[in-house]
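The values are calculated or read from the model by the stated rules, or taken from the named source; none is laboratory data. Keep in mind it's a predicted model, so treat the numbers as computed, not measured. We place every Cβ from the backbone using ideal geometry, glycine too, and count neighbours over all the protein chains shown.
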Amino acid sequence: MHLSIRLLITTTLFLRGPASAACIGPPVNSATLSLLKSFESFEPSVYDDGYGNPTIGYGHLCPDWSCADISFSQPLSEESASQLLWGDLVAYQDALINALADSVALNYSQYGALVSWTYNVGVGAMESSTLVSRLNDGGNVWLVANSELPQWIYADGEVSDGLVDRRKAEVKLFNTKSDVAALPVVC
């Protein structure tokens with residue numbers, strides 16, 4: 001593991017306090033990374049994501065146009081952009097794990113699809129979504145995801161073809177067989 005990612009994870013764990021305060025989400029599988037990279041295409045320099053947000057790498061949102069929050073030199077190499085993505089995903093993985101009830105069981109494909117969705121829509125939207133609410137209320141994970149994910153296709157109030165395609169890919173990943181359990185995790 002790259003030193004900066006290890007440092008980020010260690011710092012995150014230290015700032016969070018004891019493990020009982022929050023669960024740590026497992027890393028996503030390679031199919032999830034491939035999906036994310038296909039929709040968050042690699043951009044080595046800061047660009048406008050189409051909605052006025054300074055972005056770099058594979059969809060890393062910067063607080064300002066200098067992207068001074070990242071420790072990698074710019075323009076990014078694909079390797080450093082991948083490392084940045086891995087580091088960014090930790091917060092989304094952890095947020096998803098902590099938003100879902102302990103009774104929600106997901107395999108790695110299902111978990112990866114929901115991490116990709118969370119990375120795209122944001123933690124706040126995920127936490128307040130009917131998708132999470134229905135899963136936490138004991139809804140059938142397959143039925144919930146297959147009915148809820150396709151609804152997340154709007155950008156600025158209009159249907160986005162890119163989001164339609166992304167949701168289709170996330171549903172396809174969600175429905176991909178996996179014998180490896182991702183959730184629940186032991187905290």
Exercise. If you scan region 50-80, which residues turn out to be out of contact with any helix residue (DSSP H, G or I) (no Cβ under 9 Å at 6 or more places or on another chain) and hydrophobic (A, V, I, L, M, F, W, C)?
Worked result: Cys62, Trp65, Cys67, Ala68
For this session: For residues that are touching a residue at least 40 places away in the same chain (Cβ under 8 Å) and not in a helix (DSSP H, G or I), scanning just region 120-156, find the one that is nearest to the chain's Cα centre (by Cα).
Result: Ala155
For this session: Of the numbered conditions (1) surrounded by fewer than 17 Cβ atoms within 10 Å (Cβ to Cβ); (2) in a strand (DSSP E or B); (3) among the small types (Gly, Ala, Ser), Ala182 fails exactly one; give the number of that condition.
Result: (1)
Seminar exercise, completed: When restricted to Thr12, Thr32, the only residue within 22 Å of Glu127 (Cα to Cα), assigned to a helix (DSSP H, G or I) and at pLDDT below 95 is Thr12
Problem set entry | Condition broken by Ala81, with the remaining ones in (1) more than 20 Å from Gly25 (Cα to Cα); (2) of a type in the set (Gly, Ala, Ser); (3) surrounded by 20 or more Cβ atoms within 10 Å (Cβ to Cβ); (4) out of contact with any His (no Cβ under 9 Å at 6 or more places or on another chain) satisfied | (4)
Seminar exercise, completed: Counting only residues in region 96-119 that are without any contact (Cβ under 8 Å) to a residue 40 or more places away in the chain and of a type in the set (A, V, I, L, M, F, W, C), the one surrounded by the fewest Cβ atoms within 10 Å (Cβ to Cβ) is identified as Ala101
Exercise. Going by the structure shown, is Asn120 among the polar types (S, T, N, Q), under 30 Å from Val144 (Cα atoms) and out of contact with any Ser or Thr (no Cβ under 7 Å at 6 or more places or on another chain)?
Worked result: yes
For this session: State the number of residues belonging to region 39-65 that are loosely packed, with under 13 Cβ neighbours inside 10 Å and within 29 Å of Lys177 (Cβ to Cβ).
Result: 1
Exercise. When region 69-115 is examined, which residues are found to be under 30 Å from Thr130 (Cβ atoms), in contact with an Asp or Glu (Cβ under 9 Å, 6 or more places away or on another chain), aliphatic (A, V, I, L, M) and not in a helix (DSSP H, G or I)?
Worked result: Ala101
Problem set entry | Matching option when the condition is at pLDDT 95 or above and under 17 Å from Ala169 (Cβ atoms), among Asn98, Asn146 | Asn146
